[in-house]
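A short write-up of the structure that comes next.
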Amino acid sequence: MTIKKLKKRRKYRLKYMNKYVSMAFILLSFSLLYAGGKEVWTTYRLHQQLDAVQSQLTGLMAENETLTSQKDKLMDEEYVKSYARGSYMLSKDGEQIFYLPESDTSGK
């Protein structure tokens, strides 16, 4: 083979080699972009879940505080007696309960 043919052949190989290397870099870039995008999406979803769980935690903490307060009140015997009289129309010994009609405010 002549030197001209070898140079031409080498040039031809480099041309196609450059195309393959370029395609490999492009594929690698796309795969890295896909993986990065997937990570961003996962992070976004996790932040949404975190916000939902934190708001749920806040609600549960408020409910826990209310229930703790109610438990403390129910430990007091006088409060329980007062609550029972008010809610269930219970009376003390010798006490009478009168049911009064509700006032009609419609103007009749």
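Since every read-out is calculated from the coordinates, none of them should be taken as a lab result. Just so we're clear, the structure is a prediction, and the values are computed from it rather than from any experiment. Glycine gets a Cβ as well: all are built from the backbone with ideal geometry, and neighbour counts include every protein chain shown.
Obtain the nm distance between the two label points defined at Tyr99 and Tyr79 by a simple spin-label model: each point lies 7 Å from its Cα along the Cα-to-C-beta direction.
Taking the simple label geometry, Tyr99 and Tyr79 are separated by 3.0 nm.
In whole angstrom, how long is each semi-axis of the equivalent ellipsoid of the chain, when you take the square root of 5 times every eigenvalue of its Cα gyration tensor and sort them from largest down?
89, 19, 6
Determine ³J(HN,Hα), in whole Hz, for all residues of the stretch 81-91 in sequence, where each value follows from phi through the Karplus function 6.51 cos²θ - 1.76 cosθ + 1.60 and θ = phi - 60°; x replaces Gly and Pro.
Karplus values, whole Hz, x for Gly and Pro: 4, 4, 5, 5, 5, x, 8, 10, 6, 8, 10.
Assuming R0 = 25 Å, can you tell me the calculated FRET efficiency for the pair Leu67 and Arg45, based on Cβ-Cβ distance, to the nearest 0.05?
0.15
Taking GluC sites (Glu not before Pro) that fall in a DSSP loop and have at most 11 other Cβ atoms within 10 Å as cut points, what is the longest piece of the chain between them? Show your work: numbers first, answer last.
Working: sites that count: Glu95, Glu102.
So the longest stretch without any such site is 1-94.
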